[in-house]
Every structure is written in structure tokens, then in C-alpha cells.
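The values are calculated or read from the model by the stated rules, or taken from the named source; none is laboratory data. These numbers were taken from a predicted model, which means no experiment stands behind them. All Cβ positions, glycine included, derive from the backbone under ideal geometry; neighbour counts span all protein chains shown.
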Amino acid sequence: MRVSYQSEIELRPGTVLLEVGCGTGPVSRALAQLRTDCQVFGLDPSPFFLTTARRLAEGIANLQFRQGDARHLPFDPGTFDVLVFTPPFATCLPLTRPWPRPIAFCVPEDSW
């Protein structure tokens, strides 16, 4: 499943990507390792998950994890080119927020 939808994400050099609800970071890590010329951020409200995510991502220079809530993103508008999330977060993302740069929403088809 993860490979199938990750292959649909267009990552160009310099792309800045945010995964909302990253948990322990398996998708964020895979995307950061797929394109080392991109910057990947994982966002999750759980400090426990983020501690594990950071430990598992040691040595991946283009990956950062932040604690935060999808309803109140701790980033400026226009920061990201690509936003990745799974269906439980689809109802709480601030889609009316002014995003001056294009955003691609990638949702695994078989996760509903």
C-alpha cells in the first residue's frame, strides 16, 4: 500500500513535504530516503511517537519531526509543496488556510 501511493507523489529537487499524523515516522523516513534532495517534515501530537520517530530517523539529514496538531499547523502558510495524510486526518486539516503554493493530497486508496 505505502509503495503504491508514494509512487504517485511527485517529488522534485527542493520539494518540501509535510506528513500529518506521522506517528513513529515510517512514511516520512521512506520519503526522505527516496529523495535526499527534498526536505521532509513529520507532524504528530504524541511526544512518545515522536521520540521513537526521531530515534529511528537518526542519520537522515533531510527529515525533521515536530509535535503539533493538524488543526493548528505550527508552520507558516506556503511552507510546503506536498502534504501527505491518511483518512482519519482528512476531517481536521485546515483546508481553508491560505496556501500560496500548490499542495498535493495523497491518500492511500485501501486505507478507508
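For the range 55-71, a residue qualifies if it is modelled with pLDDT under 90 and surrounded by 15 or more Cβ atoms within 10 Å (Cβ to Cβ), and exactly one does: 70.
Considering only the range 36-67, state which residues are part of a strand (DSSP E or B) and farther than 13 Å from residue 26 by Cβ. The answer is 39, 41, 43, 64, 66, 67.
Here's the yes/no breakdown for (1) acidic (Asp, Glu); (2) at pLDDT 90 or above; (3) farther than 16 Å from residue 10 by Cβ; (4) more than 10 Å from the chain's Cα centre (by Cα):
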position: 21; (1), (2), (3), (4): no, no, yes, no
position: 43; (1), (2), (3), (4): no, yes, yes, no
position: 49; (1), (2), (3), (4): no, yes, yes, yes
position: 53; (1), (2), (3), (4): no, yes, yes, yes
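Does residue 53 satisfy the criteria of being farther than 15 Å from residue 83 by Cα and touching a helix residue (DSSP H, G or I) at 6+ places or on another chain (Cβ under 8 Å)? Criteria met by residue 53.
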